1. What is the distance in Å between the Cα centres of the stretch 570-602 and the stretch 330-382?
2. Any chance you could check the Cα centroid distance between the stretch 1-55 and the stretch 210-225 for me, in angstrom?
3. Could you give the length gained by full extension between Asp547 and Leu321, i.e. 0.36 nm per residue of separation minus their alpha carbon distance, to one decimal place?
4. Just grab the label-to-label distance for Asp459 and Ala89, each label 7 Å out from Cα along the Cβ direction, in nm (one decimal).
5. Would you mind ranking Glu344, Glu239 so that the residue whose beta carbon has the fewest other beta carbons within 10 Å leads the list?
6. For the stretch 1-50, what are the per-bin percents of Cα-Cα distances with bins 5 Å wide, up to the bin holding the maximum?
7. Kindly state, to the nearest 0.05, the FRET efficiency for Asp286 paired with Asn437, given R0 = 51 Å and r defined as their beta-carbon distance.
8. Net charge around Pro518, counting only other residues with Cβ within less than 14 Å of its Cβ (Lys, Arg = +1; Asp, Glu = -1)?
Amino acid sequence: MIDLDPARHRTGDVWHVWIEGIPAGQLYGYRVDGPYQPENGHRFNFHKLLLDPCATAISRLPVWEFGPARGYDPSVLDGDPPCSTVDDAAAMPKCVFTREHFRGHEDRPPRHPWSKTVIYEMHVRGFTIHPSSGVEHPGTYRGLMAKIPYLKDLGVTAVELMPVQEFNGQQVTGINPQTGQPLGNYWGYDPVTFFAPKASYSSSGHVGQQKLEFREMVQAFHGAGIEVFVDVVFTHTAEGNEQGPTLCFRGIDNTVFYLLADDKRSYRDYTGTGNTINANHPVVRDHILTALRHWVVEMQVDGFRFDLAAVLGRGPSGRLLPNPPLLERIAEDPILRNVKLIAEAWDAAGAYEVGSFSDCRWAEWNGQYRDDVRRFWRGDDRLLGVFAQRICGSADIYAKSGKGPDSSINFVTCHDGFTLQDLVSYRQKHNEPNGENNHDGTTENFSENYGAEGGTANDEIDSIRKRQIKNFLLTLLISRGVPMLLGGDEFRRTQGGNNNAYCQDNETSWHDWSRLEPHKDVFRFTRGMIAFRRAHPILSAEHFYTDAEIHWFGPQGGLPNWAEPKEKQLGCLIQEDERRALCLMFNAGADAVDFRLPAVPPGARWHLAVDTSRAAPQDLFATGEEPWEDPQTYHLSPRSSAILLARDGLDD
């Protein structure tokens, strides 16, 4: 035990001590003494061993029970429960002292511009833990490294890892009512500290090796030209509400780290988890910035996706601030200047800032893109003009705040919701295995099953589903903005209709690689559309289309009937240069339609690049191999899309 003297070991609000000769791997923890006065917001408890908020690694426990870490006595139910005198040191993981500098080869981050970025969202464990993955170290950072050739072949330029900040996988304690199996905290959106990478994702150990293995993984991705983004949670912690455990921040200074309710006993909750970090307090703000710098400097990550980022704009009273100091400092910090910043620009308390989140340094998950594209391809009414806005970069959302299409992270599916396969296979969510009577998860999925709920042996239904999957992939990869794919969508991964698999650390969530071979045509299509986007930079330019670059037309060749609510067909001519053009046609209706094609540039002729209604390999042609077609009209099948290229004879 080393006691800290405020005269020697405190500078402002920071306590510090120099201890010479500590080896890497040394375990340690904190005890903080102070008043236990819930009525004043103070919850100090010297009996609780605390994690260092700046720990760069946390040791792993086979089973981590939060019960002993409760700072109050749960046997007293009336009024404020008294302070717990249970010493929880034996039940707590410990902080691990690690060396700060990575001893490896020179690492050169790819630093792709937004216009060349294609994001692939994945879960570190879920990506390779299934036996079908075939990797030597399944479910780990090293297992992920083994799949880098696959991701490079697919063509993505960045992976976005779901939370890797240390969390307790046993925090969720429910039971699957269908199987009787225990549920767990699979997603990990409940960090216990902000600096330490998840120990259980390491194949080599949990007393510092997890940090080294994560760093080696990042270097391997960089060697393949792939950036690494991490999904970070700075809005709440695993300590939960006043009935939660005392693990770290609560026992160090509850009144500084959290937004407290007026009674000081309870917490303001804008996250749906029981507590909210006081992110714009100067001390907390500096702590978050230091954590971000650590992930960039020491771990060499290339970007961040901020969970429930609207919370980071709230002040001490919980109100949204006009110029949140934390968001401004993150955007202007010199160490963070070259990393990509992505906001989930909403929270659980109703804030929705898509299109207006902070300044132009911040890109945003475009939830409106997801919903509108889903509804268009489902065949909903009044979507023609909105769909056109979405594939053009959503100027109606971003232009008013001075942002460009590169601020829009476009996605059709993500971890939170249906997979792409389930989006076209289920009308309703099926979350019964989560043990919440199917009340959890959104009910607004804008999905369709096309005749059967879930899996089917009906070839006609499966054909429609496959066509719709290709329509979604094509739309995503021709849209201005930054496309994000959900891992496994390229081989029709399913979660059995579960749209909130946060607690399903099992085959519901894991990537079943045995699906890759029977669905290799969808993989081929995904890879081909990524290559098509790369071959036609006009699709990903970081500005909104000008009138000279894009011309809209309906099936008859004239302007689309924007005002007709039942209209489901739309075409556009995109002028690449004076010799080349793209003709995109979309038919979300249940009937085929003939499109009168626009005129080609002088000396050019039409070539077929993509038609989602055709079977592979005739559904997509590689660059330079597109067959020559020169019709005046193009027959577009129901629920399908097509792309023609206009180029002159010099290119044939």
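Readers should treat all values here as calculations from the given coordinates under stated rules, not as data from a laboratory. The structure presented is a predicted model; accordingly, all values stated were derived computationally and were not measured. Here the Cβ is made from the backbone with ideal geometry for all residues, glycine too, and neighbour counts use every protein chain on show.
1. Here the two parts' Cα centres lie 29 Å apart.
2. Answer, in whole Å: 32.
3. Using 0.36 nm per residue and subtracting the Cα-Cα distance, I get 77.6 nm.
4. Between Asp459 and Ala89, the label points sit 7.1 nm apart.
5. Fewest to most other Cβ atoms nearby, the residues stand as Glu344, Glu239.
6. 5, 16, 19, 23, 21, 10, 4, 2, 0
7. Working: r = 43 Å, r/R0 = 0.85.
Efficiency, from the Cβ-Cβ distance: 0.75.
8. Working: positive: Arg465, Lys466, Arg492, Arg493, Arg515, Lys520, Arg524; negative: Asp459, Asp462, Glu490, Asp512, Glu517, Asp521.
After counting each charged neighbour, the total is +1.
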